[in-house]
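K.L.:
Attaching a single structure in structure tokens format; questions to follow.
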Amino acid sequence: MDNPSDASPGEAASLRDAVVRDDSGDLAAFFDLLRDRRRAGGRLTLIDSGKLGIPDLERLAEAGIEIASSDSVRPDPHGLVLIGLAARKGDSPAAVFVHGPFREAGDPAALSFDAILELARTGVRIAVSNGRVPRDPAALNRLADACRKGGTRLIFYHPGPADSALAGLCRAGVWLHLDAAGLVPDGVPAACDLARAACAAGGGLVLHVSEAIDPDAFEDLFGSGTFVLFHTPPSDYRDPRRELEARARRRPAPPEASYLFSGFIL
């Protein structure tokens, strides 16, 4: 790319934004980096690995740094609530990825499902996947509702086959990430229905394309509001998919659609 002005909206944003780990510097360095990113019109996200204490993370969040944590790093809900409240003061979203299963209350070493619901209601952005841990559809609907009440939307990664249980979640306004390989034969109309339902409720559908699919399907996908992310090598200039890839780049999913990075299905 010869000129930043030639970048697509998603590429231009990636040039302005920065994602760093909390063990890559000290507080002064993070505040300096935040000022740099703001001058460039971008954002700074700090990955919480557990190095910093809650008071330091509160200071960073109040200053406007976006904190990305997880239940494996912070099983204590009280600390995460404090981070979320500080993020609200700083108008900077805080996000928590839930790796473990939805647990009953009582285990001090794990974040309970009730605690996750409370985090969502306080405005913390919640992200979950059923790639390794099966998720109960009823629990996901409760979580999606709690996120909506907190002013965010649930981010849900579904790397498996698309199924009818996803329709209710989309009507609840989730940001749903689907692998195009999980679409059943002739499953594009169903995916378009999911995208419309999610979009109408304040969320959306992000479709990850890692292998070639019928180019004719994309007109309907784009028309439904689906955000398409190509993970395939760039097509030859003579390939009709070339223009589809460029069209997808011109309409990137918003930052709130993903946990940390848009280019992964977790």
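K.L.:
Can you name every residue in the range 210-252 that is outside any helix (DSSP H, G or I) and touching a residue at least 60 places away in the same chain (Cβ under 8 Å)? Walk me through how you get there before you give the answer.
P.N.:
As a first pass, look at the range 210-252 and keep what is outside any helix (DSSP H, G or I): 210-214, 224-240, 251-252.
Those that are outside any helix (DSSP H, G or I) and touching a residue at least 60 places away in the same chain (Cβ under 8 Å): 251, 252.
K.L.:
In this structure, is residue 266 in a loop (DSSP other than H, G, I, E, B) and under 17 Å from the mean Cα position of the chain (by Cα)?
P.N.:
Details: in a loop (DSSP other than H, G, I, E, B): yes; under 17 Å from the mean Cα position of the chain (by Cα): yes.
Yes.
K.L.:
Inside the range 72-84, can you point out the residues that are in a helix (DSSP H, G or I) and more than 20 Å from the chain's Cα centre (by Cα)? Show your work before the answer.
P.N.:
First, the residues of the range 72-84 that are in a helix (DSSP H, G or I): 77-84.
Within the range 72-84, 77, 78, 79, 82 qualify.
K.L.:
Determine, yes or no, whether residue 76 is closer than 22 Å to residue 48 by Cα and without any contact (Cβ under 8 Å) to a residue 40 or more places away in the chain. Write out each step before concluding.
P.N.:
On the way: closer than 22 Å to residue 48 by Cα: yes; without any contact (Cβ under 8 Å) to a residue 40 or more places away in the chain: yes.
Yes, satisfied.
K.L.:
Still on this structure, I have one more. Mind counting the residues in the range 32-58 that are in a helix (DSSP H, G or I) and either crowded, with 17+ Cβ neighbours inside 10 Å or of a type in the set (A, V, I, L, M) (or both)?
P.N.:
Of the range 32-58, the ones in a helix (DSSP H, G or I) are 32-39, 54-58.
Next, only the ones that are either crowded, with 17+ Cβ neighbours inside 10 Å or of a type in the set (A, V, I, L, M) (or both) stay: 33-34, 37, 54, 57-58.
Within the range 32-58, residues that are in a helix (DSSP H, G or I) and either crowded, with 17+ Cβ neighbours inside 10 Å or of a type in the set (A, V, I, L, M) (or both) number 6.
K.L.:
Might you let me know whether the range 166-180 holds any residue that is aromatic (Phe, Trp, Tyr) and modelled with pLDDT of 95 or more? First the steps, then the outcome.
P.N.:
Taking the range 166-180 first, the residues aromatic (Phe, Trp, Tyr) are 175.
Next, only the ones that are modelled with pLDDT of 95 or more stay: 175.
Checked against the condition, which is being aromatic (Phe, Trp, Tyr) and modelled with pLDDT of 95 or more, the range 166-180 yields at least one hit.
K.L.:
Still on this structure, please answer the following. Got at least one residue in the range 88-98 being under 20 Å from residue 19 (Cα atoms) and assigned to a helix (DSSP H, G or I)? Reasoning before the result, please.
P.N.:
Filtering the range 88-98 for residues under 20 Å from residue 19 (Cα atoms) gives 88, 90-98.
Next, from what is left, pick out any that are assigned to a helix (DSSP H, G or I): 88.
Yes; the residues of the range 88-98 include at least one that is under 20 Å from residue 19 (Cα atoms) and assigned to a helix (DSSP H, G or I).
K.L.:
Now for a different question. Is it the case, given these coordinates, that residue 69 is among the small types (Gly, Ala, Ser), within 30 Å of residue 102 (Cα to Cα) and in a strand (DSSP E or B)? Step through it out loud before you land on a result.
P.N.:
Values: among the small types (Gly, Ala, Ser): yes; within 30 Å of residue 102 (Cα to Cα): yes; in a strand (DSSP E or B): yes.
So residue 69 fits the description; yes.
K.L.:
Now for a separate question. For the range 219-257, what are the residues that are buried (at least 17 other Cβ atoms within 10 Å of the Cβ) and closer than 18 Å to residue 197 by Cα?
P.N.:
221, 222, 224, 226, 227, 228, 253, 257
K.L.:
Hey, another quick one. May I ask you to say which residue of 124, 19 is in contact (Cβ under 8 Å) with a residue 40 or more places away in the chain and more than 22 Å from residue 150 (Cα to Cα)? Spell out the reasoning first.
P.N.:
Details: 124 fails: more than 22 Å from residue 150 (Cα to Cα).
Every option except 19 fails the conditions.
K.L.:
Further, regarding this structure: Being modelled with pLDDT of 95 or more and more than 29 Å from residue 250 (Cβ to Cβ) is true for just one of 68, 95, 86. Which residue is that? Talk me through it step by step, then tell me what you get.
P.N.:
On the way: 68 fails: more than 29 Å from residue 250 (Cβ to Cβ); 95 fails: more than 29 Å from residue 250 (Cβ to Cβ).
Testing whether each residue is modelled with pLDDT of 95 or more and more than 29 Å from residue 250 (Cβ to Cβ) leaves just 86.
The values are calculated or read from the model by the stated rules, or taken from the named source; none is laboratory data. Here the structure is a predicted model, which is why all the values come from computation and not from measurement. Note: ideal-geometry Cβ built from the backbone for every residue, glycine included; neighbour counts use all protein chains shown.
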